[in-house]
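Here the structure comes first, spelled out in structure tokens, and everything after it is commentary.
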Amino acid sequence: MAHLVTDDGVKLYYEETGSGLPVVFVHEFAGDYRSYEQQVRCFSRRYRCIAYNARGYPPSDVPADLAKYSQERAREDIRCVLDALKIDRAHVVGVSMGAFAALHFALAYPSRAISVVLGGCGYGAEPAKREQFAAEVEAGARRFETLSMADVAAAYAEGPGRVQLRDKDPRGYAEFVRHLAEHSPVGSAMTLRGVQMRRPSLYDLVDRMKQMTVPTLVITGDEDEPCLEPAIMMKRAISSAALITFPRTGHALNLEEPALFNSLCDQFFHQVESGRWTRRNPLAIPGRIF
């Protein structure tokens, strides 16, 4: 089992497959490195694919100190992965929690991101729902601390952004629930309180997004309600961004629609690498309705 050590002494488990330009996959809260199996199998034919488990997700370390978990730390862990593997620049693909980390990485280290894919990015971002989000996150953390992982996983997987996977792919859904039940209750609770509850709203980052030049692909499911408005906002704020909406799709979009996800990422990578991914033409920004 391969591990690397971050600059604050936490061991992260990772798997590396293929060769070529690097692609780093950053997983969502309810997933882990295994969530990207269908992407790694596709892209490792032409790319050097790295999928790793965040801190708090065995076989990565599970620090018992809440101070070891934060949005900034999640951002820095991407950098530590690149540093440990001697990677100067990489495509960075994130879904949900991983997309937040990928965005913060692109903002902090634009020279090290060939591109970023932001899938299902937006939970808790809308300013009017910040208090509701914090309350729900805390309630979720308490469930991880008091209930069995099997019970928590089963209930979590019935969420409004998860049932789409069950309806489309019962076998994949069962695997998703099984993997979630194998997570650490301590790591899950720490991640909720340290990373998700305390991360800044995307709307607080708009001015910084307006300065972004990293090629960006924003992807959201049209039934992933908490991410729809933030996705549109990011498209408008980031001049190097494009927005794609998957029909009849919830939160786990790379699991629900792997072929579509892979095809669009492949086209995006090719456009970026060939120098054809440009910033938005100023003439395309309307100053009037008609």
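The values are calculated or read from the model by the stated rules, or taken from the named source; none is laboratory data. Since the model is a prediction, treat every value here as computed from it, not as a measurement. Every residue, glycine as well, gets a Cβ built from its backbone with ideal geometry; the counts of neighbours run over all protein chains shown.
Just to be sure before I move on: is A74 surrounded by 17 or more Cβ atoms within 10 Å (Cβ to Cβ), modelled with pLDDT of 95 or more, small (G, A, S) and in contact with a Phe, Trp or Tyr (Cβ under 8 Å, 6 or more places away or on another chain) in the structure I sent?
Considered against the rule, which asks whether it is surrounded by 17 or more Cβ atoms within 10 Å (Cβ to Cβ), modelled with pLDDT of 95 or more, small (G, A, S) and in contact with a Phe, Trp or Tyr (Cβ under 8 Å, 6 or more places away or on another chain), A74 comes out as yes.
For (1) surrounded by 15 or more Cβ atoms within 10 Å (Cβ to Cβ); (2) among the charged types (D, E, K, R), each residue gets a yes or a no:
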position	(1), (2)
A108	yes, no
G124	yes, no
R143	yes, yes
S148	no, no
R162	yes, yes
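Residues of region 264-290 being surrounded by 10 or more Cβ atoms within 10 Å (Cβ to Cβ) and more than 18 Å from the chain's Cα centre (by Cα), which ones?
Our first condition is that a residue be surrounded by 10 or more Cβ atoms within 10 Å (Cβ to Cβ); within region 264-290, this holds for 264-273, 277-280.
Within region 264-290, Q267, H270, Q271, V272, E273, W277, T278, R279, R280 qualify.
For Q71, indicate whether it is under 30 Å from P247 (Cα atoms), among the polar types (S, T, N, Q) and in contact with a Lys or Arg (Cβ under 8 Å, 6 or more places away or on another chain). Can you show your working first?
Working: under 30 Å from P247 (Cα atoms): yes; among the polar types (S, T, N, Q): yes; in contact with a Lys or Arg (Cβ under 8 Å, 6 or more places away or on another chain): yes.
The answer is yes for Q71.
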- Among the residues of region 12-26, is there at least one that is under 26 Å from H251 (Cβ atoms) and in a loop (DSSP other than H, G, I, E, B)? no
- Got a sec? Which helices (runs of 4 or more DSSP H) wholly within region 34-126 have at least 2 residues that are out of contact with any helix residue (DSSP H, G or I) (no Cβ under 7 Å at 6 or more places or on another chain) and of a type in the set (G, A, S)? 97-108
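Are any residues in region 194-230 part of a loop (DSSP other than H, G, I, E, B), in contact (Cβ under 8 Å) with a residue 60 or more places away in the chain and charged (D, E, K, R), and if so, which ones? Spell out how you get there, then give the answer.
First, pick out the residues of region 194-230 that are part of a loop (DSSP other than H, G, I, E, B): 197-201, 210-215, 222-224.
Right, trim to in contact (Cβ under 8 Å) with a residue 60 or more places away in the chain and you get 197-201, 212-215, 223-224.
Once the filter is applied, which keeps residues that are part of a loop (DSSP other than H, G, I, E, B), in contact (Cβ under 8 Å) with a residue 60 or more places away in the chain and charged (D, E, K, R), region 194-230 yields R198, R199, E223, D224.
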